[in-house]
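Report on one structure; see the data block that follows.
The values are calculated or read from the model by the stated rules, or taken from the named source; none is laboratory data. Since this is a predicted model, take the numbers as computed values, not measurements. Ideal geometry is used to build each Cβ from the backbone, glycine not excepted, and the neighbour counts take in all protein chains shown.
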Amino acid sequence: MTLNIGYELSSMILMGLFLVTLVTQLRSKKYHPLLYWTVILSTSTAGTTMSDYMDRTLGLGYAKGTLILVTILAAIFAYWRYSAHSFSVQNIRTFKVESLYWIAVLFSNTLGTALGDFLADDSGLRFMGGALLIGGLLTLTVVATYFTRISKTLLFWIAFVLTRPFGATMGDVLTKSRQQGGLNFGTIGSSIILGSILGILILHTTLNQNRRITEASSAGTP
């Protein structure tokens, strides 16, 4: 929107970025927090423009776009379950399963964007109402994780899909004008704020990862 290059070109650029980060991740032999979250970020931005391209440029609308994306995501999970006999995120050890995981993440983010836009624009909840609704659903998902016997894998993917509309609606709260119900930080200001928060969390994760590796090495030393 700020660069005025349109959703189609944005989607092509960000999908290219996603493919570059994905190939780097797939070639990696171990977990690197910075690389992992870079791929997550690239799926989020690519998913956003893909959703906007479907809903706005192609004119499908939020409801129809959401239905299409739900169908695609269900097909991905069905194929994953059929070919790997599980779509657990705790047992990703092959190139094929990891590829399916990242494709599911991409379309989960795309679906989440479409759902978030629907809640913000078509449902009448506006940005803050949509954020509160999704936040409430995320809270229920967390409660179900700890206090029910519902599949943890199912709850993970429910939570993952919900984080995107939560992020989209919260992003709208930050970027939109006060007359529209937002905080008027704009796209650049909001990107700086959110990028800073993400950077701090990735740094924290990386330091914890390095600490665990150091402790494990020390424990194994005679």
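Data overview
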item	result
Selection status of Thr153, modelled with pLDDT under 90 and under 20 Å from Ala131 (Cβ atoms)	no
Tabulated pairs, segment 26-49, first without any contact (Cβ under 8 Å) to a residue 40 or more places away in the chain, second surrounded by fewer than 17 Cβ atoms within 10 Å (Cβ to Cβ) and not in a helix (DSSP H, G or I), C-beta under 8 angstrom, 6+ apart or interchain	Leu35/Ser28
Single unsatisfied condition, Ile150 versus (1) within 19 Å of the chain's Cα centre (by Cα); (2) among the hydrophobic types (A, V, I, L, M, F, W, C); (3) under 30 Å from Ala78 (Cβ atoms)	(1)
Set Gly167, Gly124: member being without any contact (Cβ under 8 Å) to a residue 12 or more places away in the chain and over 25 Å from Asn91 (Cβ atoms)	Gly124
Out of Gly181, Gly195, Gly189, Gly220, sole residue that is at pLDDT below 75 and surrounded by fewer than 14 Cβ atoms within 10 Å (Cβ to Cβ)	Gly220
Helices (runs of 4 or more DSSP H) fully within segment 1-88 counting 2 or more residues that are over 15 Å from the mean Cα position of the chain (by Cα) and farther than 20 Å from Thr163 by Cβ	6-27, 61-84
Sole residue being touching a Phe, Trp or Tyr at 6+ places or on another chain (Cβ under 8 Å) and either in a helix (DSSP H, G or I) or within 20 Å of Leu106 (Cα to Cα) (or both), chosen from Thr163, Thr205, Thr214, Thr187	Thr205
